[in-house]
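Novice: Encoded as structure tokens, here's the structure I'll be asking about.
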Amino acid sequence: MKLASLKSGRDGRLVVVSDDLAWYTDAGHIAPTLQFALDQWDAVEPALRNLATDLSHEAIPMMRFHEREAMAPLPRAYQWADGSAYVNHVALVRQARAADMPDSFWHDPLMYQGGSDGFLGPRDPIPLADESWGCDMEAEVVVVTGDVPQGVSLDGARAAIRLVGLTNDVSLRNLIPGELAKGFGFFQSKPASAFSPVFVTPDALGPRWDGAKLHGALCVDFNGKPLGRADAGIDMTFDFGQLIAHAAKTRALGAGTIIGSGTVSNRGPDGGPGKPISDGGLGYSCLAEVRTVETILHGTPETPFMKAGDTVRIWMEDDKHHSLFGAIEQTVSG
């Protein structure tokens with residue numbers, strides 16, 4: 001089942017979308033918003049599934065689904081916590097800075113709490129007031145949970161996953177060092193993130209979803225050229241069950257909590273940095289990793305961060321090359 005929020009007020013209008021993303025039907029008589037559905041999931045989910053079945057059989061009124069008319073599926077959320085599950089990405093960045101890599105990073109997930117009071121839609125521009133801030137995309141996988149009790153087990157955490165989607169977790173790289181130096185985490189360096197047009201129930205992903213990880217190439221194009229095709233199921237040190245359990249160690253999580261994977265990153269076949277797509281590699285999911293590899297290989301970064309007019313496209317396909325979540329397509333605005 002695929003769910004989206006069409007533009008309407010602050011929280012959107014919930015619709016059920018066909019598997020091929022071509023059609024939708026209104027779900028307002030069941031749940032006016034996605035947050036309402038998540039709050040009442042056990043009661044609402046069967047009715048939404050029946051609606052999805054009727055849509056697939058063309059047995060109810062249906063309209064064309066246009067991704068440009070979608071907001072983020074959750075236009076705002078009670079909580080957005082982003083992990084760094086691909087520790088390879090962290091290791092590369094620290095290597096480029098000649099910084100030590102604590103062994104604990106391989107055993108204890110990194111996580112920060114981002115702003116969730118307003119997200120960007122999949123076609124919304126990336127607002128950038130100052131190019132010197134170092135604007136970067138970060139292509140990631142996200143899950144949305146139901147209610148999660150404090151101290152949840154790994155099995156309980158995995159069972160709490162209601163929906164899966166994609167995000168562009170925008171980062172202002174040149175602001176990050178100063179904020180981290182204060183010892184209190186990200187704030188100004190993490191503006192609003194954008195999300196895929198639809199979120200999908202895990203069962204609808206078939207073998208690409210193993211219960212805790214999403215497998216397959218996360219596609220990233222930058223200014224119309226392939227930047228990344230990293231496999232989201234490879235080199236994920238911490239799966240989503242582990243990330244959720246980590247977040248819920250000392251507090252319960254409310255229904256509608258969004259948990260991010262962190263930047264998807266693959267090692268090269270030799271265990272070292274991955275190669276660009278142009279060199280036969282799987283590429284990269286953010287510009288910081290491109291710059292990191294350039295620094296490791298050549299001593300200095302060569303690729304600039306994003307500037308006004310630059311474009312990024314993030315999507316994922318099934319085995320038949322059909323889009324699973326729709327595409328995040330954004331242009332940086334000055």
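The values are calculated or read from the model by the stated rules, or taken from the named source; none is laboratory data. These numbers come from a predicted model, not from an experiment. Every residue, glycine among them, receives a Cβ derived from its backbone with ideal geometry; neighbour counts consider all protein chains shown. The area values use the complete protein model at the heavy-atom level, side chains included, leaving out ligands, DNA and RNA. Shrake-Rupley method; radii C 1.70, N 1.55, O 1.52, S 1.80 Å.
Novice: Of the conditions (1) open to solvent by 60 Å² or more (accessible area, probe 1.4 Å); (2) touching a Ser or Thr at 6+ places or on another chain (Cβ under 6 Å), THR145 fails just one. Which one is it?
Specialist: Status for THR145: all satisfied but (1).
Novice: Return yes or no: is GLY183 open to solvent by 40 Å² or more (accessible area, probe 1.4 Å), farther than 19 Å from GLY83 by Cβ and either hydrophobic (A, V, I, L, M, F, W, C) or free of Cβ contacts under 8 Å to residues at least 60 places away in the same chain (or both)?
Specialist: Spelling it out, GLY183 is indeed open to solvent by 40 Å² or more (accessible area, probe 1.4 Å), farther than 19 Å from GLY83 by Cβ and either hydrophobic (A, V, I, L, M, F, W, C) or free of Cβ contacts under 8 Å to residues at least 60 places away in the same chain (or both).
Novice: Which number in (1) within 20 Å of PRO122 (Cβ to Cβ); (2) open to solvent by less than 30 Å² (accessible area, probe 1.4 Å) marks the one condition that GLY309 misses?
Specialist: Failing condition for GLY309: (2).
Novice: Shifting gears a bit: For region 192-211, does any single residue satisfy the condition of being open to solvent by 30 Å² or more (accessible area, probe 1.4 Å), part of a loop (DSSP other than H, G, I, E, B) and not small (Gly, Ala, Ser)?
Specialist: So far as region 192-211 goes, yes, one or more of its residues are open to solvent by 30 Å² or more (accessible area, probe 1.4 Å), part of a loop (DSSP other than H, G, I, E, B) and not small (Gly, Ala, Ser).
Novice: May I pose another question? Just give me the residues in region 1-45 being under 20 Å from PRO202 (Cβ atoms) and open to solvent by 60 Å² or more (accessible area, probe 1.4 Å), in sequence order.
Specialist: The answer is ASP19, ASP20, ASP39, GLN40, ASP42, ALA43.
Novice: Considering only residues that are open to solvent by 70 Å² or more (accessible area, probe 1.4 Å) and over 24 Å from ALA77 (Cα atoms), which ones fall in region 46-58?
Specialist: ASN50, SER56, HIS57, GLU58
Novice: In addition: Could you check how many residues of region 127-140 are in contact with a Phe, Trp or Tyr (Cβ under 8 Å, 6 or more places away or on another chain) and either among the small types (Gly, Ala, Ser) or surrounded by 21 or more Cβ atoms within 10 Å (Cβ to Cβ) (or both)?
Specialist: Adding up the residues that qualify gives 4.
Novice: Okay, next question. Name the one entry in ASP108, ASP82, ASP117, ASP124 that is in a strand (DSSP E or B) and either within 19 Å of the chain's Cα centre (by Cα) or surrounded by fewer than 20 Cβ atoms within 10 Å (Cβ to Cβ) (or both).
Specialist: Values: ASP108 fails: in a strand (DSSP E or B); ASP117 fails: in a strand (DSSP E or B); ASP124 fails: in a strand (DSSP E or B).
Unique residue meeting the criteria: ASP82.
Novice: Another one. From the set of residues in region 148-162 that are of a type in the set (A, V, I, L, M) and in a loop (DSSP other than H, G, I, E, B), which is most open to solvent (accessible area, probe 1.4 Å)?
Specialist: Only one residue tops the list, namely VAL152.
Novice: Same structure again: Out of ASP20, ASP11, report the one residue that is out of contact with any Ser or Thr (no Cβ under 7 Å at 6 or more places or on another chain) and among the charged types (D, E, K, R). Can you show your working first?
Specialist: Numbers: ASP11 fails: out of contact with any Ser or Thr (no Cβ under 7 Å at 6 or more places or on another chain).
After ruling out the rest, the residue left standing is ASP20.
Here's the yes/no breakdown for (1) at negative phi; (2) in a loop (DSSP other than H, G, I, E, B); (3) open to solvent by less than 30 Å² (accessible area, probe 1.4 Å); (4) at pLDDT 95 or above:
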residue: GLY233; (1), (2), (3), (4): yes, yes, yes, yes
residue: MET236; (1), (2), (3), (4): yes, yes, yes, yes
residue: GLY241; (1), (2), (3), (4): yes, no, yes, yes
residue: HIS246; (1), (2), (3), (4): yes, no, no, yes
residue: THR250; (1), (2), (3), (4): yes, yes, no, yes
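Novice: Tally up the residues in region 163-180 that are open to solvent by 50 Å² or more (accessible area, probe 1.4 Å) and touching a helix residue (DSSP H, G or I) at 6+ places or on another chain (Cβ under 8 Å), please.
Specialist: 1
Novice: ALA129 fails exactly one of the following numbered conditions: (1) more than 19 Å from the chain's Cα centre (by Cα); (2) small (Gly, Ala, Ser); (3) more than 27 Å from ARG10 (Cβ to Cβ). What is the number of that condition?
Specialist: (3)
Novice: Only one of ALA192, ALA157 is of a type in the set (Gly, Ala, Ser) and within 17 Å of the chain's Cα centre (by Cα); which?
Specialist: None of the other options fit; the residue is ALA192.
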